[in-house]
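Contents: one structure, followed by commentary.
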């Protein structure tokens, strides 16, 4: 493997905060931009939506859907689809060679690779390539080990060696590493559906190796919504339990409480000498950035009373 | 919001990232160079600020860290998402030092002024550009007196330590400072503190000279 030396473009924390500061009207999560005196506060305290800490009230999926998706949409000619054409092609290369399905739920996305016996992760509504690649390696690797390579058979499935910015060096351990990386994001899992092999993709290959067939478990009321291009009302909605609902309400309260935390931060000596110049009036001035015409974001902004 | 001031070139030359062999990893992540590690032992951003403020108020901030403005530039750790960073890199226009949308409009500037603006850092004091090359050159020529000062102020070890210094040998003040300086210089880790960070740490001294970034 020849590793090219990539150009460096990092400082993720600065980039996120710059996007939020200059394009805050494009985001729908609650934020508090002003202090008690009506002066603009440092962007660091506007919202914890992308902050990484154990007690963050925002889930990883919310971080993607509320911040990453709008931010990426700004930089693209059209908003990215929930699952890109490339991802759909990987799952369905042709009628003869399909390796899995996707299910668009109202608030999340699920990928199911044929033969995988792991519960799939609930990916965000918008599935970025990085998460897709990890889920692909995880599920495809598991299926391969489970049905072929783990049974002393020559690997039967053509797993991609590279997807996105990941290189899959070792089949036996690579999928476990992908699993670990997804788990570390705190993603929840969807229900376990096994055996999952609607097109007999795995079963036919098992039989070719003189292994027992692999009979798909049919769940027609879900299967009928596989591989849709968009989510539609009345299709897939995963019911929320009372416990999950309570947890969500708790997190919503914490999001508001977290904004109050900002009031604990003091002004720095010797700085903000011209804070008055950054008053709300000044801040309404048009800046040479995109999307400054909408006032939608201001309505969502929470001004301190 | 104030419009970003006309871009001024930073006097910073990017360091070449070290090559790292990834073949041995079961799943190699080519984005490792732009990953900012989650620093497990770092203090919560607001807790650190409040601690520094408290020290300033009770007169134990003997090095003048609070007054230096350095804490303003200590940003909270964020969740990593490399797809967006790659997209920003693609949309970056070096002549304007800005990331542009497909229509050519500026989404955000990547300039010292834009960063100061978003952090609400306003000062009338003269600011000196930070040169990474300069730091590297000066850091490579630390004198014995500077190493002694380093050990007196920031090291909790009986034996003299020379850079790079593993962070286990740093005292709490040293760790907090390294924690604030390292990400500003673009380091992915604070496990080892090298000469460039140390040189900036040595800018703080007992005579409370205020050092503005």
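The values are calculated or read from the model by the stated rules, or taken from the named source; none is laboratory data. The model shown is predicted, which means the values in this text are computed figures rather than measured ones. All Cβ positions, even for glycine, are placed from backbone atoms using ideal geometry, and neighbour counts span all protein chains on display.
Once the range B:23-40 is narrowed to residues that are touching a helix residue (DSSP H, G or I) at 6+ places or on another chain (Cβ under 9 Å) and closer than 12 Å to residue B:77 by Cα, the residue that is modelled with the lowest pLDDT is B:39.
Just the residues that are in a loop (DSSP other than H, G, I, E, B) and touching a helix residue (DSSP H, G or I) at 6+ places or on another chain (Cβ under 8 Å), please, taken from the range A:60-93. Spell out the reasoning first.
At the first step, the residues of the range A:60-93 found to be in a loop (DSSP other than H, G, I, E, B) are A:75-84, A:93.
Within the range A:60-93, A:75, A:76, A:79, A:80, A:83, A:84 meet the criteria.
The conditions of being under 22 Å from the mean Cα position of the chain (by Cα) and surrounded by fewer than 12 Cβ atoms within 10 Å (Cβ to Cβ) are met by residue A:237. Count of the range B:101-128 residues, restricted to those that are more than 24 Å from the chain's Cα centre (by Cα) and farther than 16 Å from residue A:17 by Cα, is 5.
For the range A:8-41, which positions are at the interface with chain B (Cβ under 7 Å from one of its Cβ atoms) and either in a loop (DSSP other than H, G, I, E, B) or on the phi > 0 side of the Ramachandran plot (or both)?
Of the range A:8-41, the ones at the interface with chain B (Cβ under 7 Å from one of its Cβ atoms) are A:8-19, A:21-23, A:40-41.
Residues satisfying the conditions are A:8, A:9, A:10, A:11, A:23, A:41.
For the range A:139-155, a residue qualifies if it is under 19 Å from residue A:182 (Cβ atoms), touching a helix residue (DSSP H, G or I) at 6+ places or on another chain (Cβ under 7 Å) and either modelled with pLDDT of 95 or more or more than 14 Å from every other protein chain (Cβ to nearest Cβ) (or both), and exactly one does: A:143.
Looking at the range A:194-246, which of its residues are outside any loop (DSSP other than H, G, I, E, B) and closer than 27 Å to residue A:87 by Cβ?
In the first step, residues of the range A:194-246 are kept if they are outside any loop (DSSP other than H, G, I, E, B); the result is A:201-208, A:220-223, A:242-246.
Across the range A:194-246, the qualifying residues are A:201, A:202, A:203, A:204, A:205, A:206, A:220, A:221, A:222, A:223.
At positive phi and within 21 Å of the chain's Cα centre (by Cα): does that describe residue B:97? When the stated conditions are applied, residue B:97 passes them. The single condition among (1) within 12 Å of chain B (Cβ to nearest Cβ); (2) within 13 Å of residue A:99 (Cβ to Cβ); (3) exposed (fewer than 14 other Cβ atoms within 10 Å of the Cβ) that residue A:158 does not meet is (1). Flag: residue B:130 matches the condition of being over 19 Å from residue A:68 (Cβ atoms), more than 7 Å from chain A (Cβ to nearest Cβ) and surrounded by fewer than 18 Cβ atoms within 10 Å (Cβ to Cβ).
Would you mention how many residues in the range B:31-49 are at the interface with chain A (Cβ under 7 Å from one of its Cβ atoms) and within 19 Å of the chain's Cα centre (by Cα)?
Quick first cut of the range B:31-49, residues at the interface with chain A (Cβ under 7 Å from one of its Cβ atoms) only: B:31, B:33-34, B:36, B:38, B:44, B:46, B:49.
The next check asks that each one be within 19 Å of the chain's Cα centre (by Cα); those that pass are B:33-34, B:36, B:38, B:44, B:46, B:49.
Going through the range B:31-49 one residue at a time, the tally reaches 7.
For the range A:171-182, the set of residues classified as more than 7 Å from chain B (Cβ to nearest Cβ) and without any contact (Cβ under 8 Å) to a residue 60 or more places away in the chain consists of A:171, A:172, A:175, A:176, A:180, A:181, listed by residue number.
Considering the conditions (1) part of a helix (DSSP H, G or I); (2) farther than 28 Å from residue A:104 by Cβ; (3) within 14 Å of another protein chain (Cβ to nearest Cβ), residue A:167 is excluded by exactly one of them, (1).
Screening residue B:165 against (1) touching a helix residue (DSSP H, G or I) at 6+ places or on another chain (Cβ under 6 Å); (2) away from every other protein chain (no Cβ under 14 Å); (3) surrounded by 17 or more Cβ atoms within 10 Å (Cβ to Cβ) leaves a single unmet condition, (1). At pLDDT 90 or above and more than 19 Å from the chain's Cα centre (by Cα), is that true of residue B:144? It is true that residue B:144 is at pLDDT 90 or above and more than 19 Å from the chain's Cα centre (by Cα). Restricting attention to the range A:42-59, the residues being assigned to a helix (DSSP H, G or I) and more than 7 Å from chain B (Cβ to nearest Cβ) number 1.
Run down A:41, A:112 and say which single residue is touching a helix residue (DSSP H, G or I) at 6+ places or on another chain (Cβ under 8 Å), touching a residue at least 40 places away in the same chain (Cβ under 8 Å) and not assigned by TED's automatic domain parsing to the domain that holds residue A:249. Steps first, please.
Numbers: A:41 fails: not assigned by TED's automatic domain parsing to the domain that holds residue A:249.
Answer to the check: A:112.
When B:87, B:63 are checked against the criterion of being within 30 Å of residue A:163 (Cβ to Cβ) and either more than 9 Å from chain A (Cβ to nearest Cβ) or in a helix (DSSP H, G or I) (or both), B:87 stands alone in meeting it. Residue B:101 satisfies every condition listed in (1) touching a residue at least 24 places away in the same chain (Cβ under 8 Å); (2) closer than 28 Å to residue A:47 by Cα; (3) in contact with a helix residue (DSSP H, G or I) (Cβ under 9 Å, 6 or more places away or on another chain) except (1). Taken together, A:130, A:180 contain a single residue that is within 24 Å of the chain's Cα centre (by Cα), farther than 22 Å from residue A:194 by Cα, assigned by TED's automatic domain parsing to the domain that holds residue A:93 and in a helix (DSSP H, G or I), which is A:130.
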